[in-house]
Amino acid sequence: MCKGTATTVLTPVVAVISCGNKSTKKKFNFTSDLAKIVNAKSSKNATTLNSAVGSKVAGDTVTAADLGYTLPSNLTAGVTATYVVKTAYASGAIVVTVTLHKDGENSTTKDITISAFDFTSDLAKIVNAKSSKNATTLNSAVGSKVAGDTVTAADLGYTLPTDLSAGVTATYVVKTAYASGTIEVTVTLQKDGESDSKDITIKASDAS
């Protein structure tokens, strides 16, 4: 029987457990930047804006160049934006949903209107006017109204100028109503989802 020396080499198993502090990346707060994204005038006119986006439908993505739109210069460094169509109008006006991005994070969305139509000429035609009603009938229709109430042209005895641009309509919101029948209203002109406003005074036909 042979005798020998047996050598057993043990290789220890070392388990390395690494415990570290979990770090959670702080999310970027887009609130301030979103507040700077507001309804804007396109650098394009109605024809060129319509050419770029008039055929777009809800859900289509468009670019700032398509819109003739420039992001506000005071956004936080590194913030970019995407624009998705909500409603496109034949006039060239377009409502888009803007989403801001920074470092892989996305903001909540905000809807804005990019417009090409200029209401300046039409608003200039909306002037202080005489009602077709006298003080009694005008007061009967609007004398009890308070600031913020919406009234109609018929209530006011008022007719829009006939030479407004095609498709322009108006709404009238009371600013101040007087017992005499005189009433100050904010007239808001609208066309294809766009609007602009002006304050005017409408007096009863027999008011001085």
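What dipole magnitude, in Debye to the nearest 20, does segment 88-184 give about its Cα centre under +1 on Lys/Arg Cβ and -1 on Asp/Glu Cβ? Walk me through the numbers on the way to the answer.
Numbers: 7 positive and 9 negative charges, 74 e Å.
Taking the Cα centre of segment 88-184 as origin, the dipole is about 360 debye.
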Distance in nm between pseudo-label sites at residue 205 and residue 179 (7 Å out along the Cβ direction from Cα): 2.5 nm
The chain: calculated mean residue ellipticity at 222 nm from DSSP helix runs of at least 4, using -39500 (n - 2.57): -3500 deg cm²/dmol
In segment 120-203, lysine pairs closer than 14 Å at Cα, eight or more apart or cross-chain: 6
Computed FRET value (nearest 0.05) for residue 65 with residue 124, which takes r as the C-beta separation and R₀ as 25 Å: 0.20
Pairs of lysines in segment 31-115 (C-alpha under 16 Å apart; 8 or more residues apart or interchain): 5
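Any read-out appearing in this document is the output of simple, stated calculations on the displayed coordinates, not a laboratory observation. Only a predicted model underlies this, so the values are computations on that prediction, with no experimental measurement involved. Quick reminder, even Gly has a Cβ in these numbers, built from the backbone with ideal geometry, and neighbours come from all protein chains shown.
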